Amino acid sequence: MAKDIGIHGNLFGGILMAWLDESAAAFATEFCCTPNMVTVRVGELIFKKPLKSGQHVRIYGQVARLGRTSVTLDLEARKYSVYNAEETVVCTTSFTFVRIDDDGTPTPIGESVRRRFENA
């Protein structure tokens, strides 16, 4: 949207960061089989290429580390060409999420999740 684009025609980095956080949160809740995951850390964001208005972006993630109450995801945003399916990395980062209970206290991630991660 026009409000998300700066004077050089590039997507604002903060908008991309919000998209990364939202995508990572969806991934973390699905992977950990609970909706009770919150962002506790964002790693260094490295912006490699600009995203222009009208370009498609794809966000990829993988589990880098599974702790007792947390999961760390490595993320990559890629510009996608609908003309030739070429993808170009535009941003890399990591996010760490913690599973919490109803009071906001960290709580262990389920053992079935841990077994699945160890066997992957």
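Please treat every number below as a calculation from the coordinates, not as lab data. Predicted, not measured: the structure shown is a model, and the values here were computed from it. Heads up, the Cβs are rebuilt from the backbone with ideal geometry, glycines too, and the neighbour counts pull from every protein chain shown.
Taking Cα centre as origin and charging only the Cβ of basic (Lys, Arg, +1) and acidic (Asp, Glu, -1) residues, the dipole magnitude of the chain rounds to 340 debye.
Find the relative contact order for the chain and round it to a whole percent, using C-alpha pairs within less than 8 Å whose residues are 6+ positions apart.
On the way: 206 pairs, mean separation 31.6, N = 120.
The normalised contact order for the chain reaches 26 percent.
By the equivalent-ellipsoid construction on the alpha carbon gyration tensor, region 35-74 comes out with semi-axes of 27, 12, 10 Å, ordered largest to smallest. Check the straight Cα-Cα distances from residue 52 and name the aspartates and glutamates below 12 Å, setting aside those fewer than 8 residues away within the same chain. Straight-distance partners of residue 52: 4. Remark: spin-label model distance residue 120-residue 86 equals 3.1 nm, labels positioned 7 Å along the Cα→Cβ axis. For region 2-118, what D do you get in µm² per second when you plug the Kirkwood radius from alpha-carbon pairs into Stokes-Einstein at 4 °C and 1.567 mPa s? Once the numbers are plugged in, D ends up at 85 µm²/s.
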